[in-house]
Amino acid sequence: MAMKKASRKSVDELRPEYKRSDFASLVRGKYAARVAEATNVVVLEPTVAHAFPNDRSVNEALRGLLRSKKESARPASRPTRTRRERRTG
């Protein structure tokens with residue numbers, strides 16, 4: 001004897017114990033702006049992504065780049081000489 005397939009209910013159909021009036025009005029994208037502010041997604045080109053196995057390695061590389069940028073932006077300190085060195089040297 002062949003078994004009948006269970007009929008599929010519509011995706012929008014609520015269970016009988018729930019009523020639409022039980023829920024507040026729904027707002028599409030209510031939290032979209034908050035999520036966008038909290039996340040920062042960057043899509044790497046395949047050749048670049050191949051060089052980094054995971055997010056940790058990308059972050060380490062970017063931190064190193066920021067450190068080197070800060071160090072190169074600092075003016076070189078001039079050596080200080082004492083008065084005695086200036087007279088003789």
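All of the numbers you see were taken from the coordinates with simple rules; none came from a lab. Computed from a predicted structure; not experimentally measured. Neighbour counts run over all protein chains shown; Cβ positions are idealised from the backbone, glycine included.
Quick notes on this one:
- Per the Kirkwood formula applied to alpha carbons, the range 33-76 shows a radius of gyration over Rh ratio, Rg over Rh, of 1.13.
- Protection proxy ranking of 25-36, 52-63, by the mean of other Cβ atoms within 10 Å over each peptide's residues and highest first, is 52-63, 25-36.
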